[in-house]
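For reference, the structure is listed below as structure tokens.
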Amino acid sequence: MSSLTYWLLVVLCLGQAMAYIEKIMENDSVCSMSFFSNNLDLSGREDQSAMVIKDNQYFQKWTGKHEFNCKFTVTSSLGLGVFAVIQHMSFRRNAQGQCIDYIQFRHAEKTLSVLDLNIKIKSSESWGEKICGKLNAFEANVGNEYNQGSDGNDDKEIKNSFVDHRGMIEVKIYLGNKSIESTDELKFEIVFTAFQECKYDNGHWKSCGRKTCIFKDFFNDGKVNCPYKSCKDESGCRPVVSVLNSNYISSTTVTSKIVAGAVACLVTMILVFIAFLWIFRHCGPAICCISNSNSHPHSSEMQPVPRLDTMAIIATAPPDSMVASGTEVRTADKDLPPSYDSLFPSK
């Protein structure tokens with residue numbers, strides 16, 4: 001019972017987290033330093049149509065002895081397009097404001113996959129603008145033009161995003177050959193989301209802006225999936241609050257979702273506990289009897305144990321040959337003394 005309850009709570013409380021494919025840059029063979037770029041595929045299934053790629057303190061030990069030039073391609077199947085949105089990043093600039101480290105996107109080339117290699121068969125397109133500095137997806141969506149839907153700014157792409165309707169995005173992550181200072185912090189996180197063309201909400205797919213839809217479970221989950229200023233998937237990108245020394249950013253939307261999830265889990269635990277008590281109260285004794293009978297396969301052949309007082313009476317009672325009629329006891333075989341008349345006959 002306890003094991004079933006545990007897994008039920010895990011499914012109810014953590015089910016949403018399984019919607020993202022997560023890749024750690026230094027552990028999951030994301031980067032390719034050669035001419036060929038690694039291909040990371042979104043399956044196109046609704047619950048596997050988004051991917052998170054991030055570092056795990058890898059850059060904090062950067063020595064700068066050489067350049068770091070990582071390339072990979074994200075593709076989607078089933079004819080879906082791909083959004084790329086940088087969730088947060090902290091890459092360096094020089095004194096002139098130029099990027100020392102940066103991220104770039106471009107429309108991927110047609111490739112022919114052979115084993116784990118992708119052979120390019122089409123001329124490359126130019127890389128997009130270099131993105132660097134300190135950036136957060138929620139802050140990037142909040143600006144002077146925000147909420148001016150009448151002039152079409154709601155559908156304007158944010159600067160930390162990229163859209164490919166063919167479903168092929170090539171990514172470059174570059175670090176310059178300069179050692180990291182004690183005051184520097186290098187980190188990033190990118191979310192890739194498959195989308196389909198649509199005009200309105202369509203079943204499990206919800207409108208994202210510019211006649212595009214993404215899977216409904218990616219709405220209000222604390223990650224910006226839609227690359228437009230309207231920020232429909234996060235209820236309009238509310239103001240952000242920095243926590244944990246600005247290492248992570250949390251919004252009021254995320255906080256509300258966490259509180260709602262905690263309340264739901266608490267209510268579920270209480271209901272399961274009440275159900276367990278009810279079952280034990282009404283069926284507990286029967287279950288115990290069944291358990292005891294099963295532990296003694298020959299219990300039906302066992303005779304009742306006599307009471308101790310009965311045993312004492314049986315043990316102290318005389319045998320039948322010793323009991324006379326009435327209340328007297330005779331000794332049949334014992335010789336009686338001679339009578340007085342036989343010893344002293346009368347004269």
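The values are calculated or read from the model by the stated rules, or taken from the named source; none is laboratory data. These figures come from a predicted structure and were not determined experimentally. Every residue, glycine as well, gets a Cβ built from its backbone with ideal geometry; the counts of neighbours run over all protein chains shown. Side chains included, ligands, DNA and RNA excluded: accessible areas come from the protein's heavy atoms. Shrake-Rupley method; radii C 1.70, N 1.55, O 1.52, S 1.80 Å.
Peptides 202-213, 54-65 ranked from most to least packed by the mean count of surrounding Cβ atoms within 10 Å: 202-213, 54-65. Dividing the alpha-carbon radius of gyration of the stretch 19-107 by the rule-of-thumb value 2.2 N^0.38 Å gives 1.23. Only residues of the stretch 161-189 count here: report those whose backbone N is under 18 Å from the spot 7 Å along Cα→Cβ of Arg210, or say none. The answer is 161-171, whose backbone nitrogens lie closer than 18 Å to the label point. To the nearest 10, the accessible area of Glu46 is 60 Å² with a 1.4 Å probe. Tell me, what % of the accessible area of the stretch 18-108 is carbon and sulfur with a 1.4 angstrom probe? Carbon plus sulfur share of accessible area: 47 percent.
State the extension gain, in nm to one decimal, for the chain segment bounded by Asp155 and Asp184, taking 0.36 nm per residue of separation less the distance between their alpha-carbons.
On the way: separation 29, 0.36 × 29 = 10.44 nm, distance 3.43 nm.
Taking Asp155 through Asp184 to full extension adds about 7.0 nm, to one decimal.
Each label point was placed 7 Å from the Cα along the Cα-to-Cβ direction; for Tyr340 and Tyr58 their separation is 13.0 nm.
Distance between the 7 Å Cα→Cβ label points at Ala95 and Glu125: 3.9 nm.
Report, in listed order, any pair from Lys54/Lys172; Lys23/Lys156; Lys71/Lys216; Lys187/Lys229; Lys172/Lys206 with a Cα-Cα distance greater than 19 Å. Table pairs above 19 Å Cα-Cα are Lys23/Lys156; Lys71/Lys216; Lys187/Lys229; Lys172/Lys206.
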